[in-house]
1. If you count only protein heavy atoms with a 1.4 Å probe, what accessible area per residue comes out for region 77-128, rounded to a whole Å²?
2. For an R0 of 22 angstrom, estimate the FRET efficiency from the Cβ-Cβ distance between residue 144 and residue 226 and round to the nearest 0.05.
3. Rounded, prolate or oblate, given the Cα gyration tensor of region 164-260, with a/c below 1.5 counting as rounded?
4. Order 83, 231, most accessible first, counting only protein heavy atoms with a 1.4 angstrom probe.
5. Kindly list the residues of region 229-251 that lie in the label zone of residue 15, defined by a backbone N under 19 Å from the point 7 Å along the Cα-to-C-beta vector.
6. Given the pairs 20/131; 131/214; 62/120; 80/121; 2/123; 2/147, which are separated by over 20 angstrom at their Cα positions?
7. For the chain, calculate the relative contact order in percent as a whole number, restricting contacts to Cα pairs under 8 Å that are 6 or more residues apart.
8. With +1 on each Lys and Arg Cβ and -1 on each Asp and Glu Cβ, and nothing else charged, work out how big the dipole of region 61-214 is about its Cα centre, in Debye to the nearest 20.
Amino acid sequence: MKSLIVANWKCNPTTLKEAKGLFDSVKKALLRQRLRTGEGIKNIKNVEVVLCPPFIYLSSFKFQVSSFKLGAQNCFWEEKGAYTGEISPLMIKNLGIEYVIVGHSERRKYFRETDEEINKKIKKALSVGLKIILCVGETTEEKEQGKKQQVLIAQIEKALDRIPRDEMKNISVAYEPVWAIGTGNNCSTDETMKSIISIRQIITRLYNRETADKVRIIYGGSVNGENSGSYLKESLANGLLVGGASLKPEEFIKIVRSAT
Ligand code: PGA
């Protein structure tokens, strides 16, 4: 399966000009990488790169995308209607965007997003044809109380409630221990591997082995150009979800390169 490298820009940058600058730099660096590896501009073999800028910039980028894909960082659970301030999965799909991140810990924390809401979002997003990056992971307290496994089971079971087996090919799961996000305190490759194996076992129990084996399980939390390769090589991660380092084009490309 192709590795999935996702850039989560979060709520950055603050001007369209800066966003375009960042987008162009990543695009150019990716293009240089492709030329270097002699693979033309369409594809770096075995890697799928998805950039997730804030909603407001998505339409400015959509016509320029050739070398990578675009994703949204969130979506609502209805297609349209009287829901002031929300962005629907259908709007995202109709803009030509392929991916959406659902259940990021910052949404769970700051916007009190629940597992039930995450499940509704996933269902609607799948129904309009979007691909999902579902984020799961334990907080510091849950880790200290030895509850990681319990948390992963509950988050995954609830998020995937009544999602049919044949939709699982459109879902990737990001293991993002909350204590590792934006802290520089990244999870060890050994611990990451254990979590990835657990997640695959949970999906196997909910569906079957064949289905679970096709789901990409990626890691996120203080990934940078130095540590990215070890996650991909040593922890069985099928890709990476990158926050802070995705705002630095050269660093991000280093991460992409480590997956090639
Ligand atoms: P980070 O963020 O790479 O800045 O830790 C990862 C994420 O929140 O997806």
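The values are calculated or read from the model by the stated rules, or taken from the named source; none is laboratory data. Just so you know, these numbers come straight off a predicted model, no measurement behind them. Cβ sites come from the backbone with ideal geometry, for glycine too, and all protein chains shown count toward neighbours. SASA here: full protein model, heavy atoms, side chains in, ligands and nucleic acids out. Shrake-Rupley method; radii C 1.70, N 1.55, O 1.52, S 1.80 Å.
1. Details: 2870 Å² over 52 residues.
Spelled out: the 1.4 Å probe surface of region 77-128, per residue, equals 55 Å².
2. Once the sixth-power term is evaluated, E becomes 0.25.
3. On the way: a/c = 2.18, a/b = 1.80, b/c = 1.21.
Here region 164-260 falls in the prolate category.
4. Working: 83 95, 231 0 Å².
Largest to smallest exposure gives the sequence 83, 231.
5. Only 247-249 pass the distance filter.
6. Details: 20/131 24 Å; 131/214 14 Å; 62/120 26 Å; 80/121 13 Å; 2/123 24 Å; 2/147 31 Å.
Over 20 Å Cα-Cα: 20/131; 62/120; 2/123; 2/147.
7. Values: 480 pairs, mean separation 55.0, N = 260.
This gives 21 percent for the chain.
8. Working: 25 positive and 22 negative charges, 82 e Å.
With only Lys, Arg, Asp and Glu charged at Cβ, the dipole is about 400 debye.
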